[in-house]
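What follows is one structure encoded as structure tokens, with my remarks underneath.
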Amino acid sequence: MNTQTADTKFQLIPFVTSLAITLSIGGVASMVTRPEITGWYTTLTKPNFTPPNWLFPVAWTTLYILIGISAYLIWKRRDNSTTYKTAVAIYVVQLALNFSWSIVFFGLHQVFAALIVIILLLVFIILNINWFGRCTKTAAWLLVPYLLWVGFAMLLNLSIYILNK
């Protein structure tokens, strides 16, 4: 991928589309999550480092915006290269894993299976950062808070699994 050929002009439609895709994934996943927060989730024993429930939608909305901006920056550098195609494929897989985690954990109440999904998600976020970084360092750095939050969420998921076996 030629990193020097990026269009530097802001493009509103692709930007809004990138944000809409990520925020929609979060919005649909929250439809499964929200009812379980006051239901099934309250019955689980959670570790003492569990954040308050109000923090999760704030954190995830912020992260989805950063993910959307990152994707937009990659879209602006689109070309027919293997680097670009690989970066996009990895991005799509990590988005699917992100969406799947909420369904598995909150929708299906499968804490261990969700742990497997979130570990795979972490791997794909690392790959995503790596491949986006080959296109633009800014896009890669925008994903670092996402990596950190999902790493924390994985520890929370693991702790909930251990405490509720």
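The values are calculated or read from the model by the stated rules, or taken from the named source; none is laboratory data. This structure is a prediction, so every number in the text was calculated from the model and none was measured. Here Cβ is always computed from backbone atoms with ideal geometry, including for glycine, and neighbour counts include all displayed protein chains.
For residue 103, work out the one condition from (1) touching a residue at least 24 places away in the same chain (Cβ under 8 Å); (2) farther than 22 Å from residue 41 by Cβ; (3) surrounded by fewer than 20 Cβ atoms within 10 Å (Cβ to Cβ); (4) among the β-branched types (Val, Ile, Thr) it doesn't fulfil.
Every listed condition holds for residue 103 apart from (2).
Of all the residues that make up the range 38-67, how many are out of contact with any Ser or Thr (no Cβ under 6 Å at 6 or more places or on another chain) and either of a type in the set (Ser, Thr, Tyr) or closer than 24 Å to residue 94 by Cβ (or both)?
18
Residue under question is residue 83, and the condition is that it be in contact (Cβ under 8 Å) with a residue 40 or more places away in the chain, surrounded by fewer than 20 Cβ atoms within 10 Å (Cβ to Cβ), out of contact with any helix residue (DSSP H, G or I) (no Cβ under 7 Å at 6 or more places or on another chain) and assigned to a helix (DSSP H, G or I); does it hold?
no
The rows are residues; the columns are (1) more than 20 Å from residue 88 (Cβ to Cβ); (2) modelled with pLDDT of 95 or more; (3) in contact with a Leu (Cβ under 6 Å, 6 or more places away or on another chain); (4) of a type outside the set (Ser, Thr, Tyr).
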{"residue": "102", "(1), (2), (3), (4)": "yes, yes, no, no"}
{"residue": "106", "(1), (2), (3), (4)": "yes, yes, no, yes"}
{"residue": "109", "(1), (2), (3), (4)": "yes, yes, no, yes"}
{"residue": "119", "(1), (2), (3), (4)": "yes, yes, no, yes"}
{"residue": "130", "(1), (2), (3), (4)": "no, yes, no, yes"}
{"residue": "136", "(1), (2), (3), (4)": "no, yes, yes, no"}
{"residue": "147", "(1), (2), (3), (4)": "no, yes, no, yes"}
{"residue": "157", "(1), (2), (3), (4)": "yes, yes, yes, yes"}
{"residue": "161", "(1), (2), (3), (4)": "yes, yes, yes, no"}
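Name the residues in the range 117-149 that are closer than 20 Å to residue 99 by Cβ and either in contact (Cβ under 8 Å) with a residue 40 or more places away in the chain or acidic (Asp, Glu) (or both), would you?
128, 131, 132, 142, 143, 145, 146, 149
So which residues in the range 106-135 are of a type in the set (S, T, N, Q) and either under 21 Å from residue 42 (Cα atoms) or surrounded by 16 or more Cβ atoms within 10 Å (Cβ to Cβ) (or both), if there are any at all? Lay out the reasoning, then the answer.
First, the residues of the range 106-135 that are of a type in the set (S, T, N, Q): 110, 128, 130.
Passing the criteria: 110, 128.
Those residues that are surrounded by 14 or more Cβ atoms within 10 Å (Cβ to Cβ), of a type outside the set (Ser, Thr, Tyr), outside any loop (DSSP other than H, G, I, E, B) and more than 16 Å from the chain's Cα centre (by Cα), I need them from the range 35-56; list them, please.
Selection gives 36, 37.
Any idea which of 67, 13 is within 18 Å of the chain's Cα centre (by Cα) and of a type outside the set (D, E, K, R)?
Result: 67 is the single residue among 67, 13 that is within 18 Å of the chain's Cα centre (by Cα) and of a type outside the set (D, E, K, R).
Has the range 14-29 got any residue that is more than 19 Å from residue 98 (Cβ to Cβ), at pLDDT below 95 and out of contact with any helix residue (DSSP H, G or I) (no Cβ under 8 Å at 6 or more places or on another chain)?
No, there is no match, as no residue in the range 14-29 is more than 19 Å from residue 98 (Cβ to Cβ), at pLDDT below 95 and out of contact with any helix residue (DSSP H, G or I) (no Cβ under 8 Å at 6 or more places or on another chain).
For the range 58-65, state whether one or more residues are surrounded by 13 or more Cβ atoms within 10 Å (Cβ to Cβ) and modelled with pLDDT under 95. Break it down into steps so the answer makes sense when it comes.
Looking only at the range 58-65, we keep the residues that are surrounded by 13 or more Cβ atoms within 10 Å (Cβ to Cβ), and these are 59-65.
Still in the running and modelled with pLDDT under 95: none.
No, the conditions are met nowhere in the range 58-65.
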